[in-house]
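I have placed the structure first, in the form of structure tokens, so that the comments after it can refer back to it.
Rule-based calculations on the coordinates, nothing more; no lab input. Just so it is clear, the model here is predicted, and its values are computed rather than measured. When we count neighbours, we look across all protein chains shown, and the Cβ atoms used for this are built from the backbone with ideal geometry, even at glycine.
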Amino acid sequence: MKAIQLTAVVAKADKLILLPADIDLQQAAMIFINPPTAVLLLEEFVALHAGDWIVFNAANASVSHSIIAVGSGCIYHTTSLN
């Protein structure tokens, strides 16, 4: 199967987000996928309650940063194993 790569799209200006010219494109591509992934990981596997602890590895992964941010907002405690 051959991948399709788009080089141009048509979109409404008010739906676009201006990014710095020097941003890493791989990082920019993950801006909108990591927070929803974190929410699904926190909600779909076990019922968590305020004050519960979340322990995870791969702490340097981008989605881990989202888990920490989302968990803090939900009053969970987080710790990571490197």
Margin query: Per residue of the range 18-24, what does 6.51 cos²θ - 1.76 cosθ + 1.60 with θ = phi - 60° give for ³J(HN,Hα)? Whole Hz please, x for Gly and Pro, Karplus curve as stated.
Written below: 6, 10, x, 4, 9, 5, 5
Next item on the list: Using the Cα centre as the reference, give the magnitude of the dipole from point charges on the C-beta atoms of the chain (Lys, Arg: +1; Asp, Glu: -1; all else neutral), rounded to the nearest 20 debye.
Entry: 260
Notebook entry, point to check: To the nearest 10 degrees, how steep is helix 34-44 against the longest Cα principal axis of the chain, on a 0 to 90 scale?
Noted result: 40
Next item on the list: For a quick protection proxy, order the peptides 23-36, 61-74 by their average other-Cβ count within 10 Å, most packed first.
Entry: 61-74, 23-36
Next item on the list: Could you state the angle between the C-alpha long axis of helix 62-73 and the longest principal axis of the C-alpha atoms of the chain, as a value from 0 to 90 degrees rounded to the nearest 10?
Entry: 50
Check: What are the residues whose amide H is under 5 Å from the amide H of Thr78, where those residues sit 5 or more places off or on another chain and H is modelled from the backbone?
Finding: Ile54
Notebook entry, point to check: Short version: what are the Cα gyration tensor semi-axes of the chain, square root of 5 times each eigenvalue, largest first, in whole Å?
Noted result: 31, 15, 14
Margin query: So for the range 13-81, averaging the separation of alpha carbon pairs under 8 Å that are six or more residues apart and normalising by length, what relative contact order in percent results?
Written below: 34
Note to self: Using the Cα centre of the chain as origin and beta-carbon charges of +1 (Lys, Arg) and -1 (Asp, Glu), tell me which of Ile31, Trp53, Leu16 is placed farthest towards the positive end of the dipole.
What the structure shows: Leu16
